[in-house]
């Protein structure tokens with residue numbers, strides 16, 4: 001007797017006790033979910049102890065956060081844009097929570113003197129065609145929490161709307177990291193809430209239609225829903241939030257967890273068709289499937305949990321959440337689902353396992369020619385290069401995002417961008433020298449530091465030069481220098497440090513431009529910081545985590561399959577479809593021009609887990625049927641097809657989100673899941689059939705060597 005049997009029999013015998021226990025857990029989860037938040041910043045995906053992150057946060061503490069909100073003024077009249085900027089900047093400085101506002105820089109002569117009228121000229125932050133002006137608004141709070149950013153951005157937008165309003169010929173827009181974070185949060189919360197419901201409805205309808213009944217499929221979906229709610233309760237305790245990577249976890253549970261319910265319901269109906277009563281049919285179905293489901297779930301959970309070994313925080317949190325969610329789902333399928341079935345789904349009609357449309361479709365895929373063709377094609381496409389990795393953060397944003405449009409135009413038509421490099425030095429003289437060095441490189445479009453606009457009206461040119469060679473703390477009298485208040489604290493810090501800001505000459509979102517810019521600034525100072533450096537570190541850690549977890553996951557899969565089958569041949573055969581599914585997924589991505597990105601890369605462990613699940617069920621049923629391929633495909637092949645369809649229904653809904661990162665996730669996941677199904681019901685059965693002499697020591701029914709469709713009376717003409 002396995003460990004699951006007493007649990008299942010107790011659940012069938014005392015369903016009320018199960019309902020009470022689950023109800024208590026549900027209530028606790030619902031109460032704790034209220035504290036669950038969504039984090040949408042890149043910083044939330046990287047370990048805060050990473051050197052690049054620590055440098056970034058240290059710089060933000062000293063000079064204010066580089067994550068500024070950019071107010072963009074667009075229009076055809078440069079003079080009118082300047083008038084609006086002059087009116088908007090003081091208003092923005094008065095908004096609570098705003099630390100600094102930069103809209104222009106004063107221009108002085110070589111001796112730090114203003115013009116003849118005693119007032120400096122100003123250089124506005126504008127595009128190269130003068131059709132846009134940029135106002136950088138720096139928050140007081142360096143936190144990237146949406147709860148912090150939301151009221152500030154709302155206050156800024158409200159202030160400009162009420163005080164300036166609509167001006168003919170001038171459009172006011174917003175871009176920068178704070179705006180992206182809010183766009184992500186709004187789109188994800190809205191779309192995921194709606195699409196999760198649509199996904200659940202589609203899965204339920206498909207489940208009901210396939211089994212020609214309502215109660216059992218609905219009870220299975222109800223169990224799945226309870227699993228998701230309990231997982232939310234776990235997430236509220238740790239890590240206490242969701243990120244861009246983990247936000248779609250509910251759909252992961254829907255798409256993966258429903259498979260367990262499908263296999264159980266399918267086996268229950270088999271048992272009922274053999275004349276068992278409801279209680280016995282349910283108990284024996286779950287007990288018989290316990291080993292197969294545990295292996296299938298264990299391999300998928302292992303793939304997710306090994307993500308926790310990676311160096312990328314976003315993957316670690318996703319791995320924990322998804323892994324715990326699937327374990328909770330499997331536990332409820334062994335307890336809550338049997339209790340629900342015996343209490344609310346007693347058989348009220350005869351059950352027959354005839355050859356329905358699903359069975360016909362699976363059997364039509366059978367045949368040596370198709371399997372050999374797929375095998376040959378797989379070997380050939382394995383030679384294709386892997387899909388590229390898209391590090392353009394803007395390509396993940398909602399498709400209709402105005403902030404993305406403004407940022408791309410800002411990067412393409414100006415030397416200013418929220419994505420700049422920030423250097424820290426010990427004196428104004430060092431800052432001026434570094435600024436001069438940076439301006440000598442073609443990769444640098446603009447450089448800003450304190451010496452650019454500090455004026456010394458009481459000193460001669462020679463005295464100014466001598467003074468700037470000294471550290472700030474050695475200056476004899478601050479009254480000798482005039483620093484406009486709006487620039488204090490951005491270019492100098494309270495501990496006597498000075499910042500130098502370097503903007504890229506080209507479009508930072510061009511991979512070639514980005515690579516050259518990053519290589520240059522790092523060669524000048526390894527301690528340089530800024531959003532391009534932080535984003536590049538995130539991509540590097542993502543790729544590193546992918547390679548690490550690929551190795552860990554493959555080892556974990558082989559270990560679990562070995563513990564289950566205990567025969568190298570069965571382990572090898574069962575591992576073929578997952579490997580082939582990944583090869584096909586990569587090939588189709590390459591041919592269709594779809595690239596990996598920091599969001600859709602999480603489809604890899606899901607596809608791998610689903611492919612292993614399909615293979616495990618087919619192999620276990622083949623062994624249980626003593627090599628009878630027709631019966632294997634008629635039963636388990638049918639349920640594998642249904643699990644594939646429900647998974648596609650669950651994840652295909654994500655394709656309708658406006659968030660392009662999640663949309664690409666849906667696309668490659670659909671490709672991978674389809675490939676996993678095709679190989680599980682074509683190449684795997686063919687390989688099992690060819691190796692049956694090695695798998696079984698005794699003879700099997702020779703009649704079963706006929707083509708599957710012929711053995712079940714299906715005509716292909």
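Laboratory data are not the source of any read-out in this text; all were calculated from the coordinates shown. Predicted, not measured: the structure shown is a model, and the values here were computed from it. Please note: Cβ atoms are built from the backbone with ideal geometry, for glycine as well, and neighbour counts cover all protein chains shown.
Of note:
- Just so you know, the Cα atoms of the stretch 151-241 work out to an Rg and Dmax of 21.6, 63 Å.
- Sorted largest first, the spans of the alpha carbon positions of the stretch 502-544 along the three principal axes are 28, 23, 14 Å.
- Per-pair calculated FRET efficiency, R0 = 41 Å: residue 194 and residue 14 via Cβ, rounded to 0.05: 0.60
- Taking N as its residue count, the alpha carbon Rg of the stretch 68-175 over 2.2 N^0.38 Å: 1.16
- When all alpha carbon pairs of the stretch 4-56 are counted in 10 Å bins from zero, the resulting P(r) reads 19, 22, 19, 17, 17, 6, 0 %.
- Spin-label pair residue 154/residue 551, simplified geometry with 7 Å Cα→Cβ offset, distance in nm: 4.8 nm
- Per principal axis, descending, Cα span of the stretch 57-99 in whole Å: 40, 20, 11
- Relative packing of peptides 598-604, 288-294 - highest average C-beta neighbours within 10 Å first: 598-604, 288-294
- Within the chain, percent of DSSP bridges classed antiparallel, to nearest 5: 90 percent
- Normalising by residue count, the stretch 556-706 has a Cα convex hull of 105 Å³ per residue.
- The stretch 370-396 and the stretch 625-685 have their alpha-carbon centroids 18 Å apart.
- Residues listed by number, the stretch 155-174, amide nitrogen under 13 Å from residue 77 label point at 7 Å toward C-beta: 167-171
- Relative to the current alpha-carbon distance between residue 107 and residue 562, full extension at 0.36 nm per residue lengthens the span by 156.5 nm.
- At R0 = 22 Å, FRET efficiency that the Cβ-Cβ distance of residue 380 and residue 691 yields, to 0.05: 0.40
- Gained length - residue 35 relative to residue 21, 0.36 nm times residue gap less alpha-carbon distance: 2.7 nm
- Within the chain, the ratio Rg/Rh, alpha carbon atoms throughout and Rh by Kirkwood, equals 1.09.
- Contact order normalised by residue count of the chain, Cα under 8 Å, 6+ apart, percent: 20 percent
- With the convex hull drawn over the C-alpha atoms of the stretch 542-608, the volume per residue is 76 Å³.
- Inverse of mean 1/r across different Cα pairs in the stretch 601-646, Kirkwood, Å: 11.1 Å
- Full extension of the chain between residue 590 and residue 62 yields a length gain of 185.6 nm, computed as 0.36 nm times the residue separation minus the alpha carbon distance.
- As computed over the stretch 234-322, the Cα convex hull volume per residue (Å³): 95 Å³
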